[in-house]
Structures are given as structure tokens and as C-alpha cells.
Amino acid sequence: MLELVGVKSGYGPIEALKGIDLQVGEGEIVALIGANGAGKSTCLKTIVGLLRPTAGQVRFCGQDTLGLKPQQLVAQGMSLVPEGRRIFGDLTVGENLGLGAYLTASRAQVQLDLAYVFDLFPILQERQKQRAGTLSGGQQQMLALGRALMGRPKFLLLDEPSLGLAPLIIKEIFAMIQRINREQKTTILLVEQNAHLALKTAQRAYVLESGVLTLQGLAKELLGNKEVQAAYLGLV
Ligand SMILES: Nc1ncnc2c1ncn2[C@@H]1O[C@H](COP(=O)(O)OP(=O)(O)OP(=O)(O)O)[C@@H](O)[C@H]1O
Ligand SMILES: [Mg+2]
């Protein structure tokens, strides 16, 4: 579904990605783990067209995305839940979810999508009329995820969904991430600093260090890998 070949990207003179080769197959959950500043968010921003690669290629469903705007990639089925959630605090929960449906043509489909989101996160239904800014951090993450699911994306990109949340809420959200993948067959690229959680959730994973991919493999194998254990899992 997604293929990066030799992708370089960054911010003016700062090259944050130094030639990345990465694939995500249809139906997979793939994790991208790495420390602070490794380039994980840059990688997601480049995939969704917010940053333009300075070299290499990003292919989505077989098509080179060069020159496509973020909104065109959304229309083709990409949906990013950015770092820090970025919900609209002054709008209600319902209005935030409505914004995620702006490309859905039929009202009936919007209702179906909404029903699915409420089934995943019943608290969002209870809080429909509440201002989103007054939700707890965990509820805001659920809302950001729910909003991204409106319109049934085929490819979901998640930037550190566990950030700043309590363990119980994280568990709940990650169970839903796996459920979305299982039920909707949604392909997922999961970026996490929490390597243990990411490797428990994903089938495959890549390790990013200072803009370079240093390791990749089955998530299970990486959990048992000595280097990963020492650098990312606080073991050894
Ligand atoms: N808007 C920006 N302008 C300039 N440099 C940036 C910008 N955003 C990120 N960088 C730099 O690019 C590099 C990669 O940053 P990035 O945000 O992709 O890391 P990350 O892996 O997502 O880190 P974190 O886990 O802290 O979110 C870092 O050196 C960072 O300082
Ligand atoms: Mg980041």
C-alpha cells in the first residue's frame, strides 16, 4: 500500500530523514519506533504530503505521490492523527467528528461512520455536545482517532497516540487500534516512542535513529532483539 524509496526530507538546511526505505502492506500494522528527534513525525508528515521529499519517492497504492496535496491524499484514503491530537477545543465533540466527514458524500454513510466511532468509544457519544477542549487527554485522543476514522480511511497514520496518557487509557486506545485493523481492514502506520507498546501492537516494525532506519523485522523478533532491548525497552 505504501512504499518509501530513498526518501530524504527535512526543514530547509536540516535533513531530518536521510534516505528511508520503508514498506507497509495492505492490512498490516507497522510500527516506526525511535527516540526523541529521530525523525518519526517528519516521516509521517512527508508521507501525507505536508512536507515534500527532497529526494526519493513516496508511492501510495502504486502511485507516486509527488505533487499531490495533503487534501488529495486524504481523498485517496490517507488519514493522519497528528502528534498532540490537534482537535478543535472550542468545537463540540460532535462538531469535531463532523469535520472528519467533510469528504463523505452521503449522510447515511456519515451516520454509519459515526455509529462505528461511538461503538469503539462510547464516551464520545455521551459527550457529543461537550466542548472538546474540556475532555480529558485520553478522551481527546479518542476524539482525534474517531475524527480520523470518519470517512473510512484505508490507511491510518498515528503519531504517538500514547503520549502523555495514563496506562489504563493507553491500553484501551491500543485495543481499539487493533480492533480497527481487524474489523475495517485498515492499514496502520504507528509511530511511537513507547517501543514496548508499539512492538506489542504491530506485526512488523522499523527502528529510526537520527534520520536513518537501523533495524527492521517482525515486531516479535525486535522485542527479543538485544540492541532494541538495551536502547528502547529499558532491558539488559
Ligand atoms: N518545524 C521544524 N523546523 C526545523 N526543524 C525541525 C522541525 N520539526 C522537527 N525538526 C527537527 O527534525 C528532526 C526530527 O524531528 P521529528 O519531529 O521528526 O522527530 P520525532 O522522531 O518525531 O521526535 P519526537 O519523538 O520528539 O516527536 C529533529 O532534529 C527536529 O529538531
Ligand atoms: Mg514526533
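The values are calculated or read from the model by the stated rules, or taken from the named source; none is laboratory data. Nothing here was measured: the structure is a model prediction, and the numbers come from that model. Counting neighbours? That spans all protein chains shown, and the Cβs are built from the backbone with ideal geometry, glycine included. Keep in mind that these areas ignore ligands, DNA and RNA; they rest on the heavy atoms of the full protein, side chains included. Shrake-Rupley method; radii C 1.70, N 1.55, O 1.52, S 1.80 Å.
Of note:
- Ser41 being within 13 Å of ligand 2 (Cβ to nearest atom), polar (S, T, N, Q) and assigned by TED's automatic domain parsing to the domain that holds Leu158: yes
- For the stretch 191-202, filtering for residues that are in contact with a helix residue (DSSP H, G or I) (Cβ under 6 Å, 6 or more places away or on another chain) and not in a helix (DSSP H, G or I) leaves 3.
- Number of residues in the stretch 203-236 that are within 16 Å of ligand 2 (Cβ to nearest atom) and part of a helix (DSSP H, G or I): the value is 1.
- When Gly98 is tested against the conditions (1) within 24 Å of Leu143 (Cα to Cα); (2) in a loop (DSSP other than H, G, I, E, B); (3) of a type in the set (Gly, Ala, Ser), the lone failure is (2).
- Residues of the stretch 147-180 satisfying the condition of being within 20 Å of Leu73 (Cβ to Cβ) and either surrounded by fewer than 21 Cβ atoms within 10 Å (Cβ to Cβ) or away from ligand 2 (no atom under 16 Å from the Cβ) (or both): Arg147, Ala148, Leu149, Met150, Gly151, Arg152, Pro153, Lys154, Phe155, Leu156, Ile180
- Residues in the stretch 1-28 that are β-branched (Val, Ile, Thr), more than 16 Å from ligand 2 (Cβ to nearest atom) and either open to solvent by less than 30 Å² (accessible area, probe 1.4 Å) or in contact with a helix residue (DSSP H, G or I) (Cβ under 9 Å, 6 or more places away or on another chain) (or both): Val7, Val24.
- Residue within the stretch 198-210 that is aromatic (Phe, Trp, Tyr), farther than 18 Å from Glu26 by Cα and either assigned by TED's automatic domain parsing to the domain that holds Val24 or in contact with a Cys (Cβ under 6 Å, 6 or more places away or on another chain) (or both) present: no
- Residue in the stretch 155-176 that is in the same structural domain as Ser210 (by TED's automatic domain parsing), in a helix (DSSP H, G or I) and in contact (Cβ under 8 Å) with a residue 40 or more places away in the chain present: yes
- Some residue of the stretch 71-84 being without any contact (Cβ under 8 Å) to a residue 24 or more places away in the chain, assigned to a loop (DSSP other than H, G, I, E, B) and on the phi < 0 side of the Ramachandran plot: yes
- Scope the stretch 124-137; condition crowded, with 19+ Cβ neighbours inside 10 Å and assigned to a helix (DSSP H, G or I); matching residues: Leu124, Ala132
- Qualifying positions in the stretch 29-69 - surrounded by fewer than 17 Cβ atoms within 10 Å (Cβ to Cβ), closer than 25 Å to Asn194 by Cα and not small (Gly, Ala, Ser): Asn36, Leu50
- Residue that is more than 13 Å from the chain's Cα centre (by Cα), over 19 Å from Thr201 (Cβ atoms) and either near ligand 1 (Cβ under 10 Å from one of its atoms) or assigned by TED's automatic domain parsing to the domain that holds Leu135 (or both), where the choices are Gly6, Gly19, Gly12, Gly56: Gly12
- Any hit, the stretch 56-66, residues being over 29 Å from Gln130 (Cβ atoms), in contact with a helix residue (DSSP H, G or I) (Cβ under 8 Å, 6 or more places away or on another chain) and touching a residue at least 24 places away in the same chain (Cβ under 8 Å): yes
- Any hit, the stretch 73-89, residues being open to solvent by less than 10 Å² (accessible area, probe 1.4 Å) and within 16 Å of ligand 2 (Cβ to nearest atom): yes
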